[in-house]
Each structure stands twice: as structure tokens, then as C-alpha cells.
Amino acid sequence: MKHKKTFGEILSIAWHLFLGGLFAILPLALTVYFVNFAFRLVIRGLSPLVPFIPEFLQVIPYVEVLLAIGAIILLGLIMQVFVLRAVVHGLEELIFKLPLIRPIYSGIKQLVAAFDQQNKLSFKKVVLVEFPRKDLFSIGFLTSEDPLITPGDDKKYFNIFIPTTPNPTTGYFIILAEDQIKIIDISRQDAMALIISGGIIQPDKK
């Protein structure tokens, strides 16, 4: 009996050590897996461009990725300098007239804008509000001040967008008084990561 107890203790210790090692390496392993998966998706998506690349450039590993990055940088430069911006805005106006495409494009654009550090207009500040009921709190984004629709009293009101988890392109639009809003000192990117992950990814403590 003593031998069985000792063996069981050894097995228990080995199991705990295994779990400790597993949970220690799991975040790194999953990160490598998802980065590799995303990279392979990008390579697969850009593969139709390879036949159009000159042969002397095809000797460079993943040249299609480098050219795609260069094209995106060039597009960003053109958007800042030339009249292509007006063309893009015209195309967006056309998209917004399509009933089925409009909500999808609008939601994705709003999500991308939330991660854009240069965009200060879409989501101005991260806030904490009591929603959907008292003593239950949600993270939201202040989208504008002094909305046209208010109860009509002397309080100052704000438009708030509250994204849903794990799909932040949908959510709730609410109007709250200033004394019902608490501004959180975290970035919009950290707030979005917190919402999308369901609270698993926590922002760095300040």
C-alpha cells in the first residue's frame, strides 16, 4: 500500500508540473500558431499576384508580401497628397447606398477606425457606464458631445456607443448625462482588445 501511495504522489507531482509547463508555454505557442496561420492566409491570398511579378524579384522570399506592404504605403502617400481621397469618398458613398453591404462596411470601418491611433474623431474617450441596468457596468466609447436628442433638462449629455462581445461591430447606442459617465484612462485599442476577448486580455496597469 505504501508503494502505491508513493507512486500516486509522484504521478500527482508530475501532473502538476506538466500543467505548470503547459500553461507557461501555451500563450507563446498559441501566439506563434495564430501568427503563422495569419501569415499563411496572407500568402495564400497574395499568391495570384506571383505570376505578374518579374522573375528577378521572385528569388526574394515572400516578395509578394513585401510588394503588398509597399503598395499599401504608396496608397497611404497618395491618399495624403493627391486627389485619390475624393475618389475613395465617392466609392464609400456608393457603398452606403447598397442596403446589404452598407451595415457590413460601416461596422468594419468603425472597428478599424477604433484601432487607428491617428483617428481622434470616431471614439473620443473610453468610458464606464451603468448598462444595461443599475450596478451592472459596461465599457463604451464617447462618440460626441451635446447630442441633438436629450430629455430637455439642464444637464450635459453625451452619445455613447457600447460594443458587444466578441463582435464589436454591433452594439448599443445610448445617451447619458455627464454625471452618469466615468472616463477610463486606457487607450481605445486596449478597450477594444478587452471587449473582443471577453475580458481575457487585460490592459497594462498604470
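Note down all Cβ pairs under 7 Å where the first residue falls in the stretch 100-112 and is charged (D, E, K, R), the second is modelled with pLDDT of 75 or more and part of a helix (DSSP H, G or I), and they're at least six residues apart or on different chains.
From the stretch 100-112, the pairs are ARG102/ILE95; ARG102/PHE96.
Here are the criteria: (1) under 17 Å from the mean Cα position of the chain (by Cα); (2) modelled with pLDDT under 90. Tell me which single one ILE162 does not satisfy.
(2)
Considering only residues that are of a type in the set (A, V, I, L, M, F, W, C), modelled with pLDDT under 80 and more than 27 Å from ASN36 (Cβ to Cβ), which ones fall in the stretch 65-90? Walk me through it before giving the result.
Going residue by residue through the stretch 65-90, those that are of a type in the set (A, V, I, L, M, F, W, C) are 65-69, 71-75, 77-79, 81-84, 86-88.
Those still in the list that are modelled with pLDDT under 80 too: 75, 77-79, 81-84, 86-88.
Within the stretch 65-90, LEU77, ILE78, MET79, VAL81, PHE82, VAL83, LEU84, ALA86, VAL87, VAL88 meet the criteria.
If you scan the stretch 135-156, which residues turn out to be of a type in the set (Ser, Thr, Tyr) and either over 24 Å from ASP190 (Cβ atoms) or crowded, with 17+ Cβ neighbours inside 10 Å (or both)?
The initial filter retains those residues of the stretch 135-156 that are of a type in the set (Ser, Thr, Tyr), namely 138, 143-144, 150.
SER138, THR143, THR150 - these are the residues of the stretch 135-156 that are of a type in the set (Ser, Thr, Tyr) and either over 24 Å from ASP190 (Cβ atoms) or crowded, with 17+ Cβ neighbours inside 10 Å (or both).
Working carefully through the options PHE123, PHE131, find the one that is in contact with a Ser or Thr (Cβ under 9 Å, 6 or more places away or on another chain), among the aromatic types (Phe, Trp, Tyr) and at pLDDT 75 or above.
Values: PHE123 fails: at pLDDT 75 or above.
PHE131 is the lone residue from the list that is in contact with a Ser or Thr (Cβ under 9 Å, 6 or more places away or on another chain), among the aromatic types (Phe, Trp, Tyr) and at pLDDT 75 or above.
Would you be able to tell me the number of residues in the stretch 40-59 that are surrounded by 10 or more Cβ atoms within 10 Å (Cβ to Cβ) and either touching a residue at least 12 places away in the same chain (Cβ under 8 Å) or aliphatic (A, V, I, L, M) (or both)?
Of the residues in the stretch 40-59, the ones surrounded by 10 or more Cβ atoms within 10 Å (Cβ to Cβ) are 40-43, 45-47, 49-50, 53, 57-58.
Okay, now just the ones that are also either touching a residue at least 12 places away in the same chain (Cβ under 8 Å) or aliphatic (A, V, I, L, M) (or both), so 41-43, 46-47, 49-50, 53, 57.
Looking only at that region, the number is 9.
Looking only at the stretch 192-206, which residues are in contact with a helix residue (DSSP H, G or I) (Cβ under 8 Å, 6 or more places away or on another chain), over 16 Å from LEU142 (Cα atoms) and surrounded by 14 or more Cβ atoms within 10 Å (Cβ to Cβ)? First the steps, then the outcome.
First pass over the stretch 192-206, keeping only residues in contact with a helix residue (DSSP H, G or I) (Cβ under 8 Å, 6 or more places away or on another chain): 192, 201-204.
Those still in the list that are over 16 Å from LEU142 (Cα atoms) too: 201-204.
If the condition is that a residue be in contact with a helix residue (DSSP H, G or I) (Cβ under 8 Å, 6 or more places away or on another chain), over 16 Å from LEU142 (Cα atoms) and surrounded by 14 or more Cβ atoms within 10 Å (Cβ to Cβ), then PRO203 is the only one that fits.
Regarding the stretch 180-191, can at least one residue be identified that is of a type in the set (D, E, K, R), under 23 Å from PRO27 (Cβ atoms) and either modelled with pLDDT under 90 or exposed (fewer than 10 other Cβ atoms within 10 Å of the Cβ) (or both)?
Yes, the conditions are met somewhere in the stretch 180-191.
What number of residues within the stretch 4-63 satisfy the criterion of being under 30 Å from ILE201 (Cβ atoms) and in contact with a helix residue (DSSP H, G or I) (Cβ under 6 Å, 6 or more places away or on another chain)? Full working, then the answer.
Going through the stretch 4-63, the residues under 30 Å from ILE201 (Cβ atoms) turn out to be 15-46, 62.
Now restrict to residues that are in contact with a helix residue (DSSP H, G or I) (Cβ under 6 Å, 6 or more places away or on another chain): 46.
Number satisfying all stated conditions: 1.
So which of TYR33, TYR62 is at pLDDT 85 or above and surrounded by 10 or more Cβ atoms within 10 Å (Cβ to Cβ)?
On the way: TYR62 fails: at pLDDT 85 or above.
On inspection, the qualifying residue turns out to be TYR33.
The values are calculated or read from the model by the stated rules, or taken from the named source; none is laboratory data. Here the structure is a predicted model, which is why all the values come from computation and not from measurement. So basically every Cβ, Gly included, is an ideal-geometry build from the backbone, and we count neighbours across all protein chains shown.
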